[in-house]
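The values are calculated or read from the model by the stated rules, or taken from the named source; none is laboratory data. What you see is a predicted model; the values in this text were computed from it and never measured. Please note: Cβ atoms are built from the backbone with ideal geometry, for glycine as well, and neighbour counts cover all protein chains shown.
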Amino acid sequence: MPTTVKCPTCQKEVIWQESAKFRPFCSKRCQLIDLGEWSEENHTISTPLTPEQAFTPESIEDIEAMLAANQEGFFKD
Ligand SMILES: [Zn+2]
């Protein structure tokens, strides 16, 4: 009994096998439709930056430079 999944786009049964390139979708078309919907959703949902997301490698370097500068000032006194 092969494993089957339902195509998320059209609910058609897809056999989960190596040749089903677009699984869990039945076809490339269904995959693209789903991706399109996903990206549209993504555009409408505005996600404010959390402090964690704001930590880029650049900002970490800035913080480290600031800490180093503070330490120098500290040791001068
Ligand atoms: Zn489909």
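When segment 35-72 is filtered for residues that are in a helix (DSSP H, G or I), of a type in the set (G, A, S) and at pLDDT below 75, the ones remaining, listed by number, are S39, A54, S59.
Taken over segment 1-19, the residue count meeting the criterion of being within 24 Å of the chain's Cα centre (by Cα) and more than 7 Å from the ligand (Cβ to nearest atom) is 3.
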